[in-house]
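The values are calculated or read from the model by the stated rules, or taken from the named source; none is laboratory data. What you see is a predicted model; the values in this text were computed from it and never measured. Don't worry about glycine lacking a Cβ; one is built from the backbone with ideal geometry, like all the others, and counts go over all protein chains shown.
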Amino acid sequence: MIGLNLEQTRNSQDTKKTIKCVVWDLDNTLWDGVLLEDDRVDLQENIVEIIKILDARGILQSIASKNDRNTAIAKLQELGLSEYFIYSQINWNSKVASIQEVAKLINIGLDAIAFIDDQQFELEEVHFSLPDVLCINSSETEHLLDMPEFNPRFITEDSQKRRQMYISDIERKQAEEKFVGVQEEFLKTLNMRFTLASAQEDDLQRAEELTVRTNQLNTTGYTYSYDDLNQFRQSEQHKLLIATLEDKYGSYGKIGLALVECRDDVWTIKLLLMSCRVMSRGVGSVMLNYIIKLAQEKKVRLCAEFVSNNRNRMMYISYKFAGFKEIESKGEIVILENQLNQIPPLPEYIKLEIID
C-alpha cells in the first residue's frame, strides 16, 4: 500500500532527499468534500498554516486535480490560496501526466516532488509509474512539516523568495512566447546583469543549499556543508565564487557557484553549478570565461573535474564549448584541461560585474 501511513512512506523512500515541490490534490485533500458535487467544501484543518510554512521554507507548491479548472481556480481565489500554487494542473488527465508536466515546467527531477492525495488508487498509480515521487496519503498531512524531506537545513533569503522568483520566470516565459524573433534578440531585451563575487560568510547558507538542491547543472554532484564551504572561503588555496543574476523582471537570486583549487602550477575546478532556472540563459559560459581569464593571468594550467550523473550532460557540453578536453579518468571522475589558447566570448546580452 502506497501513501498509507508516514512510517511506510519513510521506509519506502530515501529520507535524505530534498523535496522542492509539493503537488496537492484538491477534493478531500486540500479541502473536505468534492467541489463539483457538494454544496460546500471547507479547508482541511491547519492546511493554510502548512501551505504557508512550506512556502516560507522555499518549497514550491502545485496542484494535480481532476476537476473543472475554472471552478477550482475560483474556489482557491475565494479561499485566498491561489497565489501559493504555480503551474497547477487542474484537468481530467491522469495524475501521472499532471505531475510529469509540473516537473517539466518547473524544470526539476521527479525525485524532488512529493504528491499528496486521499485516493489510494491515485497514490499507487503514481508510485508505480513514477517511483521517484514521494507519495503521501492526505491523512498524514498533519505530520508533513516534521518530515526531514521538508526541513531544509537553512532557510535563506533566496528560499523565502523562491515562489516569487518562479512567478517572475512565468512572466519571462510568457513574454518570450509572444516575442517575434530569434532567442538571442529576446535575451537582449531582458537587460541581464550577472554579478560574480568571492563568497562571503553570509553567502554560505545559500551556497550549501545550491550544492544540495542542484543536480542537473552540477559538474560533479559534490555537496559541501556550511563548514566545508567556510574553510574553502578562508583558504588561500581555494577560490569560492558565487554568482547572482538580475533582469528587468527582477532577481533570480544567487544562482551559481564555483569552487577552484589553486595550486602553484595548476588550478582545478572542483565544482561548477548553475540553478536550473537559468539553464536557457547561457550564463554558464560567463563564469567559465572569468576563471579561464584568471588562470591565464596567473600562468597556471587549468583543469576541471567532471562526474556524470546521467542528468548533468549540459555541464559537460559547457566545458567542451569552453575549450576543455579530456586528459584522463580517475574512476568515475573525468579530468579535463583547457589549454588557455582561447577564451569563450561573453554573450552580448549579459552585462558582467565583478566584485572583488
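Quick look at the values:
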item: Residue list for segment 293-320, restricted to those being over 30 Å from residue 109 (Cβ atoms) and outside any strand (DSSP E or B); result: 293, 294, 295, 296, 297, 298, 299, 300
item: Residues (surrounded by fewer than 22 Cβ atoms within 10 Å (Cβ to Cβ) and not in a helix (DSSP H, G or I)) located in segment 117-126; result: 118, 119
item: Test: residue 223 is modelled with pLDDT under 90 and surrounded by fewer than 16 Cβ atoms within 10 Å (Cβ to Cβ); result: yes
item: Only one of 350, 343, 335, 327 that is farther than 27 Å from residue 244 by Cα, out of contact with any His (no Cβ under 7 Å at 6 or more places or on another chain), among the aliphatic types (A, V, I, L, M) and surrounded by 12 or more Cβ atoms within 10 Å (Cβ to Cβ); result: 335
item: Flag if residue 43 is over 25 Å from the mean Cα position of the chain (by Cα), more than 23 Å from residue 254 (Cα to Cα), without any contact (Cβ under 8 Å) to a residue 60 or more places away in the chain and surrounded by fewer than 19 Cβ atoms within 10 Å (Cβ to Cβ); result: yes
item: Members of segment 313-346 found to be in contact with a strand residue (DSSP E or B) (Cβ under 8 Å, 6 or more places away or on another chain) and hydrophobic (A, V, I, L, M, F, W, C), listed by number; result: 315, 322, 324, 327, 333, 334, 335, 336, 340, 346
item: Qualifying positions in segment 162-213 - assigned by TED's automatic domain parsing to the domain that holds residue 246, among the hydroxyl-bearing types (Ser, Thr, Tyr) and out of contact with any Ser or Thr (no Cβ under 6 Å at 6 or more places or on another chain); result: 189, 198
item: Long-range neighbours under 8 Å by Cβ, at least six apart or interchain, first residue farther than 21 Å from residue 28 by Cα within segment 128-140, second not in a strand (DSSP E or B); result: 129/96; 130/96; 130/99; 130/100; 130/110; 132/109; 132/110; 132/111
item: Test result for residue 183, surrounded by fewer than 17 Cβ atoms within 10 Å (Cβ to Cβ) and out of contact with any helix residue (DSSP H, G or I) (no Cβ under 9 Å at 6 or more places or on another chain); result: no
item: So residue 164, is it in contact (Cβ under 8 Å) with a residue 12 or more places away in the chain, of a type outside the set (Phe, Trp, Tyr), surrounded by fewer than 18 Cβ atoms within 10 Å (Cβ to Cβ) and more than 26 Å from residue 56 (Cα to Cα); result: no
item: Any hit, segment 218-236, residues being more than 17 Å from residue 252 (Cβ to Cβ) and either aliphatic (A, V, I, L, M) or touching a Pro at 6+ places or on another chain (Cβ under 7 Å) (or both); result: yes
item: From the options 193, 172, 213, residue that is surrounded by 19 or more Cβ atoms within 10 Å (Cβ to Cβ), under 21 Å from the mean Cα position of the chain (by Cα) and closer than 28 Å to residue 324 by Cα; result: 213
item: Residue under evaluation residue 277, criteria (1) within 22 Å of the chain's Cα centre (by Cα); (2) assigned to a strand (DSSP E or B), criterion not met; result: (2)
